[in-house]
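The values are calculated or read from the model by the stated rules, or taken from the named source; none is laboratory data. These numbers come from a predicted model, not from an experiment. Cβ: placed from backbone, ideal geometry, glycine included. Neighbour counts: every protein chain shown.
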Amino acid sequence: PCRKVNQQQGFKKFLGTYNKLTESCFLNCTKDLTSREVKPEEMTCSDHCLQKYLEMTQRNSMRFQEYFTQQNKALAAQAGLFGQPC
């Protein structure tokens, strides 16, 4: 039961993020709604928008990982776990 709830929450969060990203890129890139065709400049803009989001997400993940690694090292040093001779 808990696993199913966690999966549903994760999927709901994914859909929320996807919808925000889609709306943001659409509003920034789509200027003319008089045609059903997607113009090349709209496609390029959308590609750049998505790429920028993915790069930002990757960069944020790396920074969080670096931060938590530093915090864990600092806590371990305070506890005397590092720098001890074998």
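What do you reckon, is THR44 β-branched (Val, Ile, Thr) and either surrounded by 10 or more Cβ atoms within 10 Å (Cβ to Cβ) or touching a residue at least 24 places away in the same chain (Cβ under 8 Å) (or both)? Here the answer is yes, as THR44 does meet what is asked.
Taking the criterion of being within 17 Å of CYS49 (Cβ to Cβ) and not hydrophobic (A, V, I, L, M, F, W, C), the residues of region 14-31 that qualify are THR17, TYR18, ASN19, LYS20, THR22, GLU23, SER24, ASN28, THR30, LYS31.
The set of residues from region 8-40 being surrounded by 11 or more Cβ atoms within 10 Å (Cβ to Cβ) and part of a helix (DSSP H, G or I) comprises THR17, LYS20, LEU21, THR22, SER24, CYS25, PHE26, ASN28, CYS29. Against the condition at pLDDT below 95, among the hydrophobic types (A, V, I, L, M, F, W, C), within 23 Å of the chain's Cα centre (by Cα) and surrounded by 10 or more Cβ atoms within 10 Å (Cβ to Cβ), how does PHE82 come out, does it pass? Against the criterion (at pLDDT below 95, among the hydrophobic types (A, V, I, L, M, F, W, C), within 23 Å of the chain's Cα centre (by Cα) and surrounded by 10 or more Cβ atoms within 10 Å (Cβ to Cβ)), PHE82 does not qualify. Taking the numbered list (1) part of a helix (DSSP H, G or I); (2) surrounded by 10 or more Cβ atoms within 10 Å (Cβ to Cβ) in turn, VAL5 passes all entries but (2).
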